[in-house]
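Below is one structure, written out as structure tokens; comments come after it.
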Amino acid sequence: MPPKHALVNPDKQALADLRAQIDQVDGVIHDMLRERAEVVDNVRKFKGKQHIYIRPGREAQMLRALVGRPSGKIPDGLVVRVWREMISAFTLNEGGMKIGVYAPEKGPDLWDIARDHYGSFTPLIEYKTAGAAIKALQDGKITTAVVPPPDAEEKDAWWPLLAADKANVLTVFQSMPTEILKAGRSNARRAMPMGLIVGKLYPELTGDDRSYLTLQCTHVPEAEMKRLLAKAGYKVRVLIARVAGRAASAPTAFLAEVDGYVGRNDTRLGRLKAMMGSRLQHLATLGGYPVPIKSGRR
């Protein structure tokens, strides 16, 4: 009698074939990662020694391009999550990074979204106040500081520390998260909705940006400042005023968040100076950030 052959369940065979395809694709992805690592190593040789190995503008443009491609059945958030982990790992490989993160004992913090942004391996250091994180950055104890967006009601305002430095060394250069996920898509606990990254780096033009200006002046009410900024050509999103003292002649420090990119040689700065005249004591750019990606945008 001819030998009996075991019947093969067609569903099990199809499943086995699909899993074999996954293994093959995983191998290709791993090969491409190795190739990417080689290219990054060659780029590093051209760049040479740097204080900070971050290109936030390029990161933003690269991730926007990837998210803008047809997504097929890729879940929302996965592309940015994978690339952020990869970017952070390669950046850490280029040079040591220590990130100071605003993480108070009580209330919302930035720890979880900083971990998502910088990946699983970059060292994070807690700071109970945003001001403490900025001071640690000024003292060279950390590479960048992750702080909350400026708020008119905050007692621990960090931006005056940047504004007081006439050398304008530290600026905002990026925000987090890179991609704003739909409600229920994040596991971050006690997380603030957004953080800003400060360091010795000025942001690059990406085509979809927001910027910060700081001004110190006398005898300029908030309403007039808004008009002057608009007349100079800036679209103001947020304007915060802090009066230094109680005297009528006490100077007022303003922080303006505006739409668009403002470089250090922006021609509108000159127009603003001319309109304010002797009332203006100091004007500086405090950097800015690429606008985050909206989840699901294609």
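Residues whose amide H falls under 5 Å from that of D209, counting only those 5 or more places apart or on a different chain, are G260, Y261, V291, with hydrogens built in the peptide plane. Estimated at 0.36 nm per residue, the fully extended path between V43 and R271 surpasses their Cα-Cα distance by 78.1 nm. Most tightly packed first, judged by the mean number of other beta-carbon atoms within 10 Å of their residues, the peptides 250-258, 272-280, 173-181 read 173-181, 250-258, 272-280. Extension gain for R227 to V28 (0.36 nm times residue separation, less C-alpha to C-alpha distance): 65.9 nm.
Among D151, D259, sorting on how many other beta-carbon atoms sit within 10 Å of each Cβ, with the fewest leading, yields D151, D259. Set against the labelled values (i) 24.2, 111; (ii) 20.2, 69; (iii) 19.9, 63, Rg and Dmax of the Cα atoms in Å computed from this structure falls on (i). Counting every other Cβ atom within 10 Å of each residue's Cβ, Y202, Y102, Y289 order from fewest to most as Y202, Y289, Y102. Pairs over the 30 Å Cα-Cα cut-off, from the set K98/K226; K141/K226; K106/K182; K98/K155; K141/K273: K98/K226; K141/K226; K141/K273.
Relative to the dominant Cα principal axis of the chain, helix 78-94 is inclined by about 70°. Under the rule a/c < 1.5 gives rounded, and otherwise a/b versus b/c splits prolate from oblate, where does the range 69-154 land using the Cα gyration tensor? Taking the square roots of the gyration eigenvalues as a ≥ b ≥ c, the range 69-154 is oblate. Just to verify a number: FRET efficiency for L92 and V169, C-beta to C-beta distance, R0 = 35 Å, to 0.05? So the FRET efficiency works out to roughly 0.90. The residues packed around Q138, meaning those with a beta-carbon under 12 Å from its beta-carbon, carry a net charge of +1 if Lys and Arg are +1 and Asp and Glu are -1. Each residue of the range 13-23 is assigned a 3J(HN,Hα), and the resulting list reads 5, 4, 5, 4, 5, 5, 5, 5, 5, 4, 4 Hz, derived from the Karplus form 6.51 cos²θ - 1.76 cosθ + 1.60 (θ = phi - 60°), x at Gly and Pro. Mean residue ellipticity, 222 nm, helices only, the chain: the sum of -39500 (n - 2.57) across DSSP H runs of n ≥ 4, divided by residue count and rounded to 500, is -12000 deg cm²/dmol.
No value in this document is a laboratory result; all are computed from the given coordinates. The shown structure was predicted, so the numbers you read here are calculated from the model rather than taken from an experiment. Glycine also receives a Cβ, built like all others from the backbone with ideal geometry; neighbour counts cover every protein chain displayed.
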